[in-house]
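*Asks:* Got a structure for you, written out below as structure tokens; questions coming shortly.
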Amino acid sequence: MINSMYGKSLLDLTELTKAEFLSIIELAIAVKKKPEDYKGALSGKILAMIFEKNSTRTRVSFEAGIIQLGGQAIVLDSKNTQMGRGEPVKDTAKVMSGYVDAIMIRTYSDQMVAELAEEATIPVINGLTDNHHPCQILADFQTIYELKGKLEGIKLAYVGDGNNMAHSFLIGGSLVGMDVAIAAPKGYEPKSEFIDIALKNAEESGSKIDITNDPAAAVKDADILITDVWASMGDEGEQAERAEAFKSFQINNRLAVLAKKDYNFLHCLPAHRGEEVTTDIIDGAHSAIYQEAENRLHAQKALMLKVMKE
Ligand code: CP
Ligand code: NVA
């Protein structure tokens with residue numbers, strides 16, 4: 001049965017129960033194994049995609065995914081729509097609900113996406129906002145499951161900016177019982193509201209949550225090492241000061257040696273080699289970045305099947 005989540009939006013991972021989250025990963029693995037079984041499952045369905053920030057993976061994996069499922073995508077650059085001229089979110093939501101079956105949006109404001117979902121009568125999927133990147137976590141956790149055979153009890157160490165990725169790892173990891181250690185420079189830690197959500201989830205799941213300014217402490221005995229760019233989309237103006245603040249938050253051989261011997265390295269991409277990670281790590285034997293990127297396709301096909309198929 002794949003339709004118990006039919007009609008649901010995914011703004012951030014707090015909206016999923018552990019069972020729902022795991023069922024998406026399970027379906028993603030099934031879709032990856034036998035894509036032909038799902039061909040035509042979303043026949044006649046249309047996904048609108050709105051982009052206010054750049055994208056390669058999200059754009060192509062969602063579009064390829066809906067096509068493979070028998071549906072179609074309409075890609076909108078918000079600058080060329082009336083949204084870009086200030087049309088109210090409410091009107092956009094109501095109007096688009098009459099044309100398409102789901103909306104995927106990549107933008108800045110989480111509040112705007114929440115309003116879009118509130119006013120729309122169709123599912124709204126967050127394809128990255130300033131605070132969240134839930135679709136990336138679905139793909140990442142699928143990848144971790146493939147690599148390690150489990151999610152619960154895995155130690156994930158994220159070294160870098162307390163950004164949308166860090167928030168999503170905190171919420172997703174604490175939901176499924178993963179230990180999440182985040183090392184960020186002072187002043188760049190994840191927002192306290194998302195740490196609080198993780199701590200609350202952890203009471204139930206048994207996860208250990210550790211927020212530190214010490215990369216070595218975070219990485220110690222980790223199964224999975226992760227980082228992300230030092231300046232996310234929207235923060236590019238702070239590149240120079242961030243490069244200074246983050247210079248000891250690079251994943252390199254000196255740090256990776258503290259992780260478990262069979263650790264894997266992940267990165268949502270795009271990456272800046274020589275900044276947040278060295279070339280020998282990201283292109284080395286422990287890296288699974290291309291498997292991770294491919295899983296965006298399978299995980300999002302699973303998500304679309306869950307929320308778009310009756
Ligand atoms: N990881 C990710 O979301 O990539 P894009 O920015 O290319 O979509
Ligand atoms: N944290 C990055 C992720 C890009 C996929 C950003 O928001 O730009």
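The values are calculated or read from the model by the stated rules, or taken from the named source; none is laboratory data. Owing to the predicted nature of the structure, the values given are computational and were not obtained by experimental measurement. FYI the Cβ positions are ideal-geometry reconstructions off the backbone, even for glycines, and counts take in every protein chain you see. The protein model used for the area step is the full one, side chains on, heavy atoms only, and it has no ligands, DNA or RNA in it. Shrake-Rupley method; radii C 1.70, N 1.55, O 1.52, S 1.80 Å.
*Asks:* Treat each spin label as a single point 7 Å out from the Cα along the C-beta direction, and report the residue 257 to residue 240 distance in nm.
*Replies:* Here the modelled spin labels are 3.5 nm apart.
*Asks:* Filter the GluC sites (Glu not before Pro) in segment 116-154 to those in DSSP coil with at most 16 other Cβ atoms within 10 Å of their Cβ, and list the result.
*Replies:* In loop regions of segment 116-154 (DSSP not H, G, I, E or B), the sparsely surrounded GluC sites (Glu not before Pro) are 152.
*Asks:* Another question, if that's okay. For segment 172-276, which whole percent of the accessible surface, found with a 1.4 angstrom probe, sits on carbon and sulfur atoms?
*Replies:* 50 percent
*Asks:* Per DSSP H run of at least 4 residues, take -39500 (n - 2.57); add these up for the chain, divide by its residues and hand me the 222 nm value, nearest 500 deg cm²/dmol.
*Replies:* That comes out to -12500 deg cm²/dmol.
*Asks:* Using modelled backbone amide H atoms (1.01 Å from N, in-plane), which distant-in-sequence or interchain residues come within less than 5 Å of residue 251's amide H?
*Replies:* Result for residue 251 returns 277, 278.
*Asks:* While we're looking at this one, here's another question. Take every Cα-Cα pair in the chain and report what % of them are more than 36 Å apart.
*Replies:* 14 percent
*Asks:* Would you please name the chymotrypsin sites (Phe, Trp or Tyr not before Pro) within segment 89-141 that are DSSP coil residues with at most 15 other C-beta atoms within 10 Å of their C-beta?
*Replies:* Sparse-neighbourhood loop chymotrypsin sites (Phe, Trp or Tyr not before Pro): 99, 108.
*Asks:* Any idea how far apart residue 221 and residue 291 come out in nm if each label point goes 7 Å out from Cα toward Cβ?
*Replies:* Result: 2.4 nm between the two label points.
*Asks:* Once amide H atoms are built 1.01 Å from N in the peptide plane, which residues 5 or more positions from residue 125, or in another chain, come under 5 Å H to H?
*Replies:* It is 10, 103, 104, 105, by chain and number.
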